[in-house]
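The structure appears right after this line, and notes come after that.
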Amino acid sequence: MRLECEKSVIREWARSDKVALVRFANNRNIWRNLAHVFPHPYTDADADWWFSFLAQMPEPTSWAIEVDGLAVGAIGVTLREGIYLKSAEFGYWLGEPYWGRGIMTEAVKAV
């Protein structure tokens, strides 16, 4: 999937995003606003785990938010199972230097 937005691009993750992922995800202000499964500090090993997890997915449901050629955030859906099969959890985060620009508002509407 690739969604061209005015302020960003929503696209599939690539292993080449690792440096940017660690750079922007390793932020306490981001961690404080996410589910307990998001690690802090966010390390190279966490990024490696993430890319391995994505590789095992039958269909991508989590995407990178790219601004100026860098993966600066994430957006996605966690599909539920069992009695929760008809529901999903929608989540997102954005690197702090990009807050307040309307990037996430636009990304959420696009996804």
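The values are calculated or read from the model by the stated rules, or taken from the named source; none is laboratory data. On a predicted model such as this, the values are computed, not experimentally measured, just so you know. Here Cβ is always computed from backbone atoms with ideal geometry, including for glycine, and neighbour counts include all displayed protein chains.
Before moving on, here are some points about what is shown:
- Single condition His36 does not satisfy, out of (1) in a loop (DSSP other than H, G, I, E, B); (2) farther than 21 Å from Ile103 by Cα; (3) at pLDDT 95 or above: (3)
- Residues that are out of contact with any Pro (no Cβ under 9 Å at 6 or more places or on another chain), in contact (Cβ under 8 Å) with a residue 24 or more places away in the chain and either part of a loop (DSSP other than H, G, I, E, B) or not acidic (Asp, Glu) (or both), drawn from segment 62-73: Ser62, Trp63, Ala64, Ile65, Val67, Leu70, Ala71, Gly73
- The residues in segment 76-111 that are assigned to a helix (DSSP H, G or I) and either at pLDDT 95 or above or not aliphatic (A, V, I, L, M) (or both) can be counted, and the count is 13.
- For the residues Trp31, Trp49, Trp13, the requirement of being farther than 21 Å from Ala110 by Cβ, surrounded by 16 or more Cβ atoms within 10 Å (Cβ to Cβ) and at pLDDT 95 or above singles out Trp31.
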